[in-house]
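Below: the structure, in structure tokens.
The values are calculated or read from the model by the stated rules, or taken from the named source; none is laboratory data. Computed from a predicted structure; not experimentally measured. Reconstructed Cβ throughout: ideal geometry from the backbone, glycine too, with neighbour counts over all protein chains shown.
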Amino acid sequence: MKPVEFIARIAPIAVKLRQEGSPIFPSLRIAQAAHETGWKIHPWNNLVGLKVGTGKPNAYWDGSSVRTGTWEVINGQRIDTTANWRAYRTIEDCFRDQDLLFAGSRYARVRAAGTPREQADMLQACGYATDPRYAEKLKAIMDAHGLEKFDGEVHGVQESQTELIKKVGELEARLKLVPAPAWFTAEFGSADLNGLIHEPVLTAEGWRVLAVALRAQARLSATRPDPQP
């Protein structure tokens, strides 16, 4: 798979999860997936190098696994070996399972990282991989493919969501039903207009509109000639 195709497949998922509260920057998530897989999406959908380990099945991993060759760096030496990897139904399940891992105390520094580059350093510092150049490689992928633009997408969406929430709050306030305000009863007396309105509650705008109508009616009545006897 070409890098551009890989990124197009992974980026929307990475951005979505970040919007939903994932601690992982989309740029780092994409870079890590590319590095761990060599820009390939295997049928078992493990893009982050999560081993079976001692973990128990959860909402995102049903206990399935595959065994393949890999390598580790032990005492400064590369050692070829094999490992059991978790297998997932979907790519999103893989990332969500990884987020469960990152929720542990071991990865507190990953969660606290303020930038994707710092997060790459913290992944290595917390022992996510044995490769001493792990963070360096992830940052190189981020730089080579301009992946940090996807972090900006999250920021833009979050700003839009904040503005939308603000507008919804303003609209709800305008539509909230309230009893007659003091200025209305002071001018017109009973809020139910002598029984004309049952359980008189309106929006603030509704009370203003009613007041305008009552004033207009009063002016019209004042200028209408008295009926002849």
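Summary of computed values
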| item | result |
| --- | --- |
| Qualifying residue in the stretch 88-95 (condition: within 25 Å of the chain's Cα centre (by Cα), surrounded by fewer than 18 Cβ atoms within 10 Å (Cβ to Cβ) and acidic (D, E)) | yes |
| Of residues in the stretch 41-65 being in contact with a Leu (Cβ under 9 Å, 6 or more places away or on another chain) and surrounded by fewer than 16 Cβ atoms within 10 Å (Cβ to Cβ), the one nearest to L138 (Cα to Cα) | G55 |
| Some residue of the stretch 106-114 being surrounded by fewer than 19 Cβ atoms within 10 Å (Cβ to Cβ) and closer than 18 Å to I7 by Cα | no |
| Given (1) part of a strand (DSSP E or B); (2) within 30 Å of D151 (Cα to Cα), number of the condition M1 does not satisfy | (1) |
| Residue identified as in a loop (DSSP other than H, G, I, E, B), modelled with pLDDT of 95 or more and within 20 Å of C126 (Cβ to Cβ) among L47, L100 | L47 |
| Restricting the stretch 188-217 to residues that are loosely packed, with under 12 Cβ neighbours inside 10 Å and among the charged types (D, E, K, R), the residue that is modelled with the highest pLDDT | E205 |
| Looking only at the stretch 115-148, and only at residues there that are of a type in the set (D, E, K, R) and assigned to a loop (DSSP other than H, G, I, E, B), the one that is surrounded by the most Cβ atoms within 10 Å (Cβ to Cβ) | E148 |
| Flag for V73 being at pLDDT below 95 and either in a helix (DSSP H, G or I) or surrounded by 14 or more Cβ atoms within 10 Å (Cβ to Cβ) (or both) | yes |
| Residue identified as touching a Phe, Trp or Tyr at 6+ places or on another chain (Cβ under 8 Å), more than 22 Å from R109 (Cα to Cα) and among the β-branched types (V, I, T) among I41, I24, I74, I30 | I41 |
| R89 vs. criteria of a type outside the set (G, A, S), in a helix (DSSP H, G or I) and either over 20 Å from P26 (Cα atoms) or not assigned by TED's automatic domain parsing to the domain that holds E36 (or both) | no |
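Listed here are the residues, each with its yes/no results for (1) part of a helix (DSSP H, G or I); (2) assigned by TED's automatic domain parsing to the domain that holds R89; (3) free of Cβ contacts under 8 Å to residues at least 24 places away in the same chain; (4) touching a Pro at 6+ places or on another chain (Cβ under 7 Å).
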site	(1), (2), (3), (4)
V15	yes, yes, no, yes
R18	yes, yes, no, yes
I41	no, yes, no, no
T54	no, yes, yes, no
